[in-house]
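The values are calculated or read from the model by the stated rules, or taken from the named source; none is laboratory data. For clarity, every value in this text was computed on a predicted model and none was experimentally measured. Virtual Cβ from ideal backbone geometry, glycine too; neighbours counted across all protein chains shown. Protein only, heavy atoms only, side chains kept; ligands, DNA and RNA dropped before computing areas. Shrake-Rupley method; radii C 1.70, N 1.55, O 1.52, S 1.80 Å.
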Amino acid sequence: RIFFVLGLFFLTCYLTLAKSWLTRASLIAIAMSPLLLWLAIIPQLQRILLDEAGRLRGAENDPNYAASWIGIAIIISVAFFLYEQRRIRWLGLLNTALVIPLLVWTGSRGGVLAAALGLATLFGIYIFKKHSRAKIGLTAASIGICLAIGLLGLQLLPQPARMVVTARFLNGQLVSPGGRLDLIANSVLILNESPIGNGPAYYNWRPVLV
């Protein structure tokens, strides 16, 4: 597995440097891949794509996994809008408009926060590299568009999902009490005890409440 991962890493690096068109095509594919989740509007597919609360779910039936991937797609789409020209730029804007509601549909507060931080980093790099008024205006427009689409997307969700997602975002908590904070605290303890890591057998002799 180690050799496979290393080989895949070096192959990816080579293709990125030698085949720039392939890199762009791959980024476009990643940015557009969450659009398949719109199939969740079909009642027959909702048992597969939605959890019990009506939120979009990803791997292991967890909406947070879906939100992570959608967040990456949003950042790539906005980057296309900022950096590319002509058709690719407007494709990035259109894809952003179609994908942001999916992120809202997951109801993942951590996913939304991560996407917001990623976009803030992207905007910072974009503005401070060859600073100009045009870049500030384009960044302001991007922020306004993302916020507007997010609010509009919430209204477009099916009624049960809209109620659940709204309640999650309005309760004022980014983490569940006694949940992720405990997980983070115990992870720090494990890292302090064994900085080089632990194997699966670690929990057999040193249980940690997570």
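Taking the options G107, G111, name whichever one is open to solvent by less than 30 Å² (accessible area, probe 1.4 Å) and in contact with a Lys or Arg (Cβ under 7 Å, 6 or more places away or on another chain).
Numbers: G111 fails: in contact with a Lys or Arg (Cβ under 7 Å, 6 or more places away or on another chain).
Only one candidate qualifies: G107.
Those residues that are modelled with pLDDT of 85 or more and among the polar types (S, T, N, Q), I need them from the stretch 45-101; list them, please.
N64, S68, S77, N95, T96
In this structure, is A116 open to solvent by 10 Å² or more (accessible area, probe 1.4 Å) and more than 11 Å from the chain's Cα centre (by Cα)?
Details: open to solvent by 10 Å² or more (accessible area, probe 1.4 Å): yes; more than 11 Å from the chain's Cα centre (by Cα): no.
Answer is no for this residue.
Pick out, from the stretch 1-82, the helices (runs of 4 or more DSSP H) lying fully within it that include 1 or more residues that are closer than 30 Å to P101 by Cβ, open to solvent by 40 Å² or more (accessible area, probe 1.4 Å) and not small (G, A, S).
Values: elements: 2-18, 20-32, 46-49.
It comes to 20-32, 46-49.
Need the failing condition index for T96 against (1) open to solvent by 70 Å² or more (accessible area, probe 1.4 Å); (2) among the β-branched types (V, I, T); (3) in contact with a helix residue (DSSP H, G or I) (Cβ under 6 Å, 6 or more places away or on another chain), just the number.
T96 satisfies every listed condition except (1).
State whether one or more residues within the stretch 83-91 are touching a helix residue (DSSP H, G or I) at 6+ places or on another chain (Cβ under 9 Å) and surrounded by 18 or more Cβ atoms within 10 Å (Cβ to Cβ).
Checked the stretch 83-91: no residue is touching a helix residue (DSSP H, G or I) at 6+ places or on another chain (Cβ under 9 Å) and surrounded by 18 or more Cβ atoms within 10 Å (Cβ to Cβ).
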